[in-house]
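Participant: Sending over a structure as structure tokens; questions will come in a sec.
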Amino acid sequence: NFNLGEKKTFVIAEIGNNHNGNFELAIEMVDAAHEANANCVKFQMRNMSSVYREKSLARQGEDLGTEYVLDLLQRFQLSQDEHQKIAKYCYDKGILYMCTPWDIDSINFLEAMDVEAYKVASADLTNLPLIESLIKTKKPLILSTGMSTVEEIQTTSDFLNSRDAEFALLHCNSTYPAPLHDINLNWIKKL
């Protein structure tokens, strides 16, 4: 029941994995977003074995940086049951629950929850098989453009338009916190 691109700003509280895998903290963050009058809270969901190589998951790879990140991601994930409880909690509070799925298994689970829209991470803007699966849900998509070139954004936009997908692009910066000289809010007009 929201019209994006109209005069009113649609505010998404990015919770992501900032709950550190703690269900109670996730609920507190939903409450804080609701109190701040956000329209939506956004979480993340990934099936680790669908997204990462077995070698990396078994800590037998050569990329120690990836293995460190995988350890954090595994510890900071909410269970599917917790996602369902949070979505119901959001519904009861009157704030939209949204999620970024990182793989098709997560899309299928979220579809069973009947989420209303999906967010695509900057890292997946060029992941056309994942985006194709999201298009098939017939739900609105919000796509982050951080880390992408103009050509990549155009390619994905053309892909979405050729399939009559309902979508919005977000101007993002993948450096946290973003240096002032990298923000370039004028890019929003071009998007």
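Participant: Read phi for every residue in the stretch 14-25 and hand back ³J(HN,Hα) as whole Hz from Karplus 6.51 cos²θ - 1.76 cosθ + 1.60, θ = phi - 60°, with x for Gly and Pro.
Facilitator: Per residue, the Karplus-derived 3J(HN,Hα) values read 7, 8, x, 10, 5, 7, 6, x, 9, 4, 4, 5 Hz.
Participant: Lys and Arg at +1, Asp and Glu at -1: add these up for the other residues within a Cβ distance under 14 Å of LYS136 and post the number. Walk me through the numbers before you get to the answer.
Facilitator: Working: positive: LYS138, LYS139, ARG163; negative: GLU111, GLU132, ASP164, GLU166.
Around LYS136, the surrounding residues sum to -1.
Participant: Can you give me the Kirkwood hydrodynamic radius for the stretch 76-119, using every pair of distinct Cα atoms, in Å to one decimal? If you can, show how the numbers build up before the last one.
Facilitator: On the way: mean 1/r = 0.0930 Å⁻¹.
Taking the inverse mean of 1/r over all distinct Cα pairs, the stretch 76-119 comes out at 10.8 Å.
Participant: Less than 13 Å Cβ to Cβ from ILE86, Lys/Arg counted +1 and Asp/Glu -1: what total charge do the surrounding residues give? Don't skip to the answer; put the middle values down first.
Facilitator: Values: positive: LYS42, LYS85, LYS88, LYS93; negative: GLU24, GLU28, ASP31, ASP81, GLU82, ASP92.
Here the charged neighbours net out to -2.
Participant: Continuing with this model, one more query. Amide H neighbours of ASP103 under 5 Å, counting only residues 5+ apart in sequence or on other chains, H built in-plane at 1.01 Å?
Facilitator: ASN47
Participant: Taking all protein chains as present, what is the carbon and sulfur share of the accessible area of the stretch 66-191, in % to the nearest whole number, probe 1.4 Å? Write down the numbers at each step before the final one.
Facilitator: Details: 3790 of 7110 Å².
C and S fraction of accessible area: 53 percent.
Participant: When the label point is put 7 Å from the Cα of ASN22 along its Cα-to-beta-carbon vector, which residues of the stretch 74-105 have a backbone N closer than 16 Å?
Facilitator: Only 75-79 pass the distance filter.
Participant: If you don't mind, there's one more thing I want to ask. Under a 5 Å amide H to amide H cut-off, with H placed in plane at 1.01 Å, what residues pair with VAL120 once short-range neighbours are removed?
Facilitator: Amide H to amide H, under 5 Å and 5 or more residues apart or across chains, VAL120 pairs with ILE142, LEU143, SER144.
Participant: Please give the per residue accessible area of the stretch 99-191, computed with a probe of 1.4 Å over protein heavy atoms only, in Å².
Facilitator: Values: 5220 Å² over 93 residues.
Averaged over the residues of the stretch 99-191, the accessible area is 56 Å².
Participant: Let me ask something else. What list of ³J(HN,Hα) couplings, whole Hz, do you get for the stretch 162-174 from phi and the Karplus terms 6.51, -1.76, 1.60, once you set θ to phi - 60° and write x for glycine and proline?
Facilitator: 5, 10, 6, 6, 8, 8, 9, 9, 9, 6, 10, 10, 8
Participant: Continuing with the same structure: Counting C-alpha atoms alone, how compact is the stretch 64-191: give Rg to one decimal and Dmax as a whole number, in angstrom.
Facilitator: 16.0, 43
Participant: Turning to a different aspect of this structure: Checking the cross-link filter: which lysines have an alpha carbon closer than 16 Å to that of LYS93, excluding same-chain neighbours under 8 positions apart?
Facilitator: Once the sequence-local lysines are set aside, what remains near LYS93 is LYS42, LYS85.
Participant: Show the residues, 5+ positions off or on another chain, whose built amide H is closer than 5 Å to the amide H of SER174.
Facilitator: Result for SER174 returns MET147.
The values are calculated or read from the model by the stated rules, or taken from the named source; none is laboratory data. As the structure is a prediction and not an experimental result, all values here were calculated from the model. FYI the Cβ positions are ideal-geometry reconstructions off the backbone, even for glycines, and counts take in every protein chain you see. Just so you know, the surface numbers come from the protein's heavy atoms only, side chains and all, with ligands and any DNA or RNA stripped out. Shrake-Rupley method; radii C 1.70, N 1.55, O 1.52, S 1.80 Å.
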